[in-house]
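Novice: I am attaching a structure below and will ask some questions about it afterwards.
The values are calculated or read from the model by the stated rules, or taken from the named source; none is laboratory data. Fair warning: this is a prediction, and the values are worked out from it, not measured in the lab. Here the Cβ positions follow ideal geometry from the backbone for every residue, glycine too, while neighbour counts run over all protein chains shown.
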Amino acid sequence: MLSLTKTARQTALMRSSVPSLRGSVRSLSQFGTVKPPVHIKNEPVKPFGSNDTKDWDLLRASLMKFKSSSLEIPLIINGERIYYNNSKRSFYEQRNPADHKEILANVTQATDLDVKDAINAATLAKQKWYQLSFYDRAAIFLKAADLISTKYRYDMLAATMLGQGKNVYQAEIDCITELSDFFRFNVKYAHKLYKKQPIQSATGVWNKAEYRPLEGFVYAVSPFNFTAIAANLIGAPALMGNTVVWKPSQSATLSNYLLLTVLEEAGLPKGVINFIPGDPESITNEVLNDKNFGALHFTGSTNVFKQLYGKIQNGIMDGKYKDYPRIVGETGGKNFHLVHQNCNLTNAIFSTIRGAFEYQGQKCSATSRLYLPSSKSEEFLNDFANILKQGNMIPVNTAAGTISGGDLHGFMGPVIHEQSFNKLVKVIEDAKEDPDLEIVYGGQYDKSKGWFVGPTVIKCKDPKHKYMTTEFFGPILTVYEYPDGEFSQVCDLVNETSIYGLTGSIFAKDRDIINLADEKLKFAAGNFYINDKCTGAVVAQQWFGGARMSGTNDKSGGENILSRFVSIRNTKENFLEINDFKYPSNY
């Protein structure tokens, strides 16, 4: 019996030489005929503690490798590498946000023609890719996960740390553990999805469901803040047989390029994922004008997502597309911590420090607004400030004294680029002039070497102030103090204040209070936490995503996301022939 788990080339040859197997090969591409490895589980996080000397040595070697020479990053279209220095294309300098004089990579920028070529490559690669067996497609992502968590672990860490301003722990939980988890668990979820078949067939009938990929290509737009998100934006649709045109963030191109090279080493065929860094607007215009555009897989700002959503709807009205494109997006949040007077205050304080300031508040789930009961507010904020001072949290050189930050062992680092730095500085300076606001901690910033903004806590008198509703995407936490006896009312306030619905936390001991908050905040957060920070969702444990203006809530890290990148065909086969058109009632 011929094996159906060969390489893409062997499979194509087999189809041409053995026509009778053609249907079987096609079926295997969309049915879970093999079980994924039974040992799939969350990748352990390396702690990088003081005794982990080997891990530190390997990491330092990778850091020095990327710091010592500027990498030339090409476009990758149909597997071909296209460099700016061999063409008339421009390039973009990706700089180290902790040392903005240091150029990490010179990134080739796609032209309009390059975008068209990427679309054509994705279109031409489509049939061969989706007809490849699920086993073969899955094997590529499983191997890539193993390569990332072993052979390329320290290179991935170094690229993410240097390019995206992460400390080692934040990089580890991002580009190693979460990224590997996405690739592995998506295989498990895909197998489960393919197994779902009609539960009923009439006598003499056999029904089946076929999970086809979408008919067009998928446009993936990835953000700077998580390498793992980029991996899932391209990996989830590709695993299901789709081909992808990928526009990475300019501020994450180094780690994203390394990710794609790992996928290529794992066996990814040419044209399945096409890598086109460049101007977001011009790339998007080309993509959304193509009739084969089949889906948007997006993580980024709310305003950009709204614009893309509108353009796609206009394209539908204008008859541009052969199908209704799928729109899958996760954007921002104005995420909350709601503290009750009877909570464990120490846990709430440390959880808020982590939620608001790890990775400089540049997580879409970061704690951005804090609600404190009046009887505990002063104690909370005093302890909060003292912990920040003792922890040397300010990654800035200030006139008040030199406090180191942005190093290998620091808790905080730089914000991503000058545009973000300037925006956050304006927020801090405007707060100093606003009578309804009081900076109770922090407010320092320094751009002499890197884009450093210190943790800043701003107390607000008006619960509907724009600082309580606007996403800053940086280490700025806005606090509102509420009367102890008005917890129920403040739940309503939390629910109504923001346009977003991404993450939120309640801190309380009393079960009745927890249940009250749970019910009143039912739609305020797609990820709701009890006595824990509102960041840090883990693949397969807490499926991630929010609704309202935070996105389409399709839940990355869970099986639902994969269903968005398939189009189901149902087949009914009849085994019993009829010899009349009439039914019994037609006598």
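Novice: Do you know which residues across the stretch 95-109 are buried (at least 21 other Cβ atoms within 10 Å of the Cβ), touching an Asp or Glu at 6+ places or on another chain (Cβ under 8 Å) and either among the aliphatic types (A, V, I, L, M) or not assigned by TED's automatic domain parsing to the domain that holds THR253 (or both)?
Specialist: Residues satisfying the conditions are ALA105, VAL107.
Novice: Out of (1) surrounded by fewer than 17 Cβ atoms within 10 Å (Cβ to Cβ); (2) on the phi > 0 side of the Ramachandran plot; (3) under 23 Å from the mean Cα position of the chain (by Cα), the odd one out for PHE473 is which?
Specialist: Failed condition: (1).
Novice: Which ones in the stretch 401-423 are over 21 Å from the mean Cα position of the chain (by Cα), modelled with pLDDT of 90 or more and of a type outside the set (A, V, I, L, M, F, W, C)?
Specialist: Residues satisfying the conditions are GLU418, GLN419, ASN422, LYS423.
Novice: Failed condition for LYS88, given (1) over 27 Å from the mean Cα position of the chain (by Cα); (2) assigned to a loop (DSSP other than H, G, I, E, B); (3) touching a residue at least 40 places away in the same chain (Cβ under 8 Å), with all others met?
Specialist: With respect to (1) over 27 Å from the mean Cα position of the chain (by Cα); (2) assigned to a loop (DSSP other than H, G, I, E, B); (3) touching a residue at least 40 places away in the same chain (Cβ under 8 Å), LYS88 is out only on (3).
Novice: For a quick check of your reading: which helices (runs of 4 or more DSSP H) sit entirely within the stretch 160-249 and have at least 2 residues that are of a type outside the set (D, E, K, R), surrounded by 23 or more Cβ atoms within 10 Å (Cβ to Cβ) and under 13 Å from the mean Cα position of the chain (by Cα)?
Specialist: 179-195, 227-239
Novice: Considering only residues of the stretch 24-46 that are at pLDDT 95 or above and surrounded by fewer than 17 Cβ atoms within 10 Å (Cβ to Cβ), which is nearest to LEU162 (Cα to Cα)?
Specialist: Result: VAL45.
Novice: Here are some residues: ASN586, ASN560. Which one is farther than 21 Å from LYS459 by Cα and in the same structural domain as ASP323 (by TED's automatic domain parsing)?
Specialist: Numbers: ASN586 fails: in the same structural domain as ASP323 (by TED's automatic domain parsing).
None of the others qualify; the one that does is ASN560.
Novice: Of the conditions (1) modelled with pLDDT of 95 or more; (2) surrounded by fewer than 17 Cβ atoms within 10 Å (Cβ to Cβ), ALA138 fails just one. Which one is it?
Specialist: (2)
Novice: Evaluate the following for GLU481: is it more than 31 Å from the chain's Cα centre (by Cα), on the phi < 0 side of the Ramachandran plot and in a helix (DSSP H, G or I)? First the steps, then the outcome.
Specialist: On the way: more than 31 Å from the chain's Cα centre (by Cα): yes; on the phi < 0 side of the Ramachandran plot: yes; in a helix (DSSP H, G or I): no.
No.
Novice: Of the residues that sit in the stretch 414-465 and are of a type in the set (Lys, Arg) and surrounded by fewer than 14 Cβ atoms within 10 Å (Cβ to Cβ), which one is nearest to SER498 (Cα to Cα)? Please lay out each step first, then the result.
Specialist: To start, the set of residues in the stretch 414-465 that are of a type in the set (Lys, Arg) comprises 423, 426, 432, 447, 449, 459, 461, 464.
When the remaining residues are screened for being surrounded by fewer than 14 Cβ atoms within 10 Å (Cβ to Cβ), the result is 426, 432, 461, 464.
Working: LYS426: 21, LYS432: 23, LYS461: 16, LYS464: 9 Å.
Among those residues, the one meeting the criterion is LYS464.
Novice: Here's something else I'd like to know. Output the residues belonging to the stretch 429-470 that are out of contact with any Ser or Thr (no Cβ under 6 Å at 6 or more places or on another chain) and among the aliphatic types (A, V, I, L, M).
Specialist: ALA431, LEU437, ILE439, VAL440, VAL453, VAL457
Novice: Also, I was wondering about something else. The conditions are (1) of a type outside the set (Gly, Ala, Ser); (2) buried (at least 16 other Cβ atoms within 10 Å of the Cβ); (3) in a helix (DSSP H, G or I); (4) modelled with pLDDT of 95 or more, and LEU388 fails exactly one of them. Which is it?
Specialist: (4)
Novice: Sort out which residues of the stretch 563-572 are surrounded by fewer than 21 Cβ atoms within 10 Å (Cβ to Cβ) and either at pLDDT below 95 or not in a strand (DSSP E or B) (or both), and write them in order of number.
Specialist: Across the stretch 563-572, the qualifying residues are SER563, ARG564.
Novice: I've got another one for you. Could you identify the single residue in LYS459, LYS464, LYS426 that is modelled with pLDDT of 95 or more, of a type in the set (Lys, Arg) and either in the same structural domain as GLY163 (by TED's automatic domain parsing) or in a loop (DSSP other than H, G, I, E, B) (or both)?
Specialist: On the way: LYS459 fails: either in the same structural domain as GLY163 (by TED's automatic domain parsing) or in a loop (DSSP other than H, G, I, E, B) (or both); LYS426 fails: either in the same structural domain as GLY163 (by TED's automatic domain parsing) or in a loop (DSSP other than H, G, I, E, B) (or both).
Being modelled with pLDDT of 95 or more, of a type in the set (Lys, Arg) and either in the same structural domain as GLY163 (by TED's automatic domain parsing) or in a loop (DSSP other than H, G, I, E, B) (or both) holds for just one of LYS459, LYS464, LYS426, which is LYS464.
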